[in-house]
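A.B. asks: Dropping the structure in here first, questions after.
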Amino acid sequence: MDSQYLFIVAVIIVMGWFAFGVVYNLRRGDAVLKWMQAGLPRIGERTTFRWLGTSVAELVIAKARPPFRRLDTLLVLKPRDVFWMTIMASFQGRNDIVIFRADLGSAPLLDLELADPKTWSGRAALRQVAERGWESRPYRDMQLMAPRGLLDLAASALDLLNEPMQKLSSRYARLSLRKQTPNLEIHLPFPEYSSVESVVYFEALRGLARAISERSG
């Protein structure tokens, strides 16, 4: 085979992979977005939406109902459109996740970070707070970090939040509480939208935010 033929084959493979990755991500993201339409009004009436490239969709509710003041939702999909980025993401344990970033009516009383070190976003979060000198301990198959001297208080706070957390999802990549905005950040696997009602899902998210706010009052 001459080099020109190999080059043409390589271009076809790369472009084909790119097209497949883009179409797959857009369809998968669109399916989740359509599923969310029924539940998002539980958070707020007006939602702005945009795609940030082919792997991230952003929804913003700037004026949300209590216990929220604002909710930003990101659908972060595995970068399937570029071959080497897909391979790298697989090695990193990177999968499709939904990220909620919320400003609450009542800010949490303490900062804490609960993350799964087996996930890419969990590892990144733990590295960031470790650089701030936070203390760490295992917590229910995850890693809990809090400012020095506050680990016991952080664990007790999470114990009280366990029930509303489980109603939302049985698996978390990350849950962050902050006194400063955003007060709440949650990283979750994509919802099982074929078996879970969107209204139930977003009511569970409201329930978790309400539990955090009540313990901050």
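The values are calculated or read from the model by the stated rules, or taken from the named source; none is laboratory data. All of these numbers come straight from a predicted model, not from anything done at the bench. With ideal geometry, Cβ positions are generated from the backbone for all residues, glycine too; neighbour counts draw on all protein chains shown.
A.B. asks: Of all residues in segment 61-75, count the ones that are over 10 Å from residue 100 (Cα atoms) and surrounded by 18 or more Cβ atoms within 10 Å (Cβ to Cβ). Show your work before the answer.
C.D. replies: Let us first name the residues in segment 61-75 that are over 10 Å from residue 100 (Cα atoms), namely 61-70.
Checking the rest, the ones that are also surrounded by 18 or more Cβ atoms within 10 Å (Cβ to Cβ) come to 61, 64, 67-70.
Total satisfying the criteria: 6.
A.B. asks: What are the residues in segment 19-66 that are farther than 19 Å from residue 200 by Cα and in a helix (DSSP H, G or I), if any?
C.D. replies: 19, 20, 21, 22, 23, 24, 25, 26, 27, 28, 29, 30
A.B. asks: Which condition number in (1) crowded, with 17+ Cβ neighbours inside 10 Å; (2) at pLDDT 85 or above is the one that residue 31 fails?
C.D. replies: Of the numbered conditions (1) crowded, with 17+ Cβ neighbours inside 10 Å; (2) at pLDDT 85 or above, the odd one out for residue 31 is (1).
A.B. asks: Taking interchain pairs and intrachain pairs at least six residues apart, which have beta carbon atoms under 6 angstrom, with the first residue in segment 38-53 and under 11 Å from residue 198 (Cβ atoms) and the second at pLDDT below 95 and in a loop (DSSP other than H, G, I, E, B)?
C.D. replies: Hits for this filter: 40/47.
A.B. asks: In segment 152-162, what residues are under 24 Å from residue 97 (Cα atoms) and either in contact (Cβ under 8 Å) with a residue 24 or more places away in the chain or β-branched (Val, Ile, Thr) (or both)?
C.D. replies: Listed by number, the residues that qualify are 158, 161.
A.B. asks: Right, here's the next one. Give all pairs with beta carbons closer than 6 Å in which a residue from segment 137-151 that is at positive phi meets a residue that is among the charged types (D, E, K, R) and in a loop (DSSP other than H, G, I, E, B); count only pairs at least 6 apart in sequence or on separate chains.
C.D. replies: Pairs found: none.
A.B. asks: Same structure, new question: Suppose we filter 124, 209, 154, 146 for residues that are of a type outside the set (Lys, Arg), closer than 25 Å to residue 58 by Cα and at pLDDT 95 or above; which single one remains?
C.D. replies: 209
A.B. asks: Within segment 143-161, track down each residue that is over 21 Å from residue 118 (Cβ atoms) and touching a helix residue (DSSP H, G or I) at 6+ places or on another chain (Cβ under 6 Å).
C.D. replies: 161
A.B. asks: Name the strands (runs of 3 or more DSSP E) wholly inside segment 98-217 in which the number of residues that are crowded, with 18+ Cβ neighbours inside 10 Å is 1 or more.
C.D. replies: Filter on segment 98-217 gives 112-115, 142-146, 174-177, 184-189.
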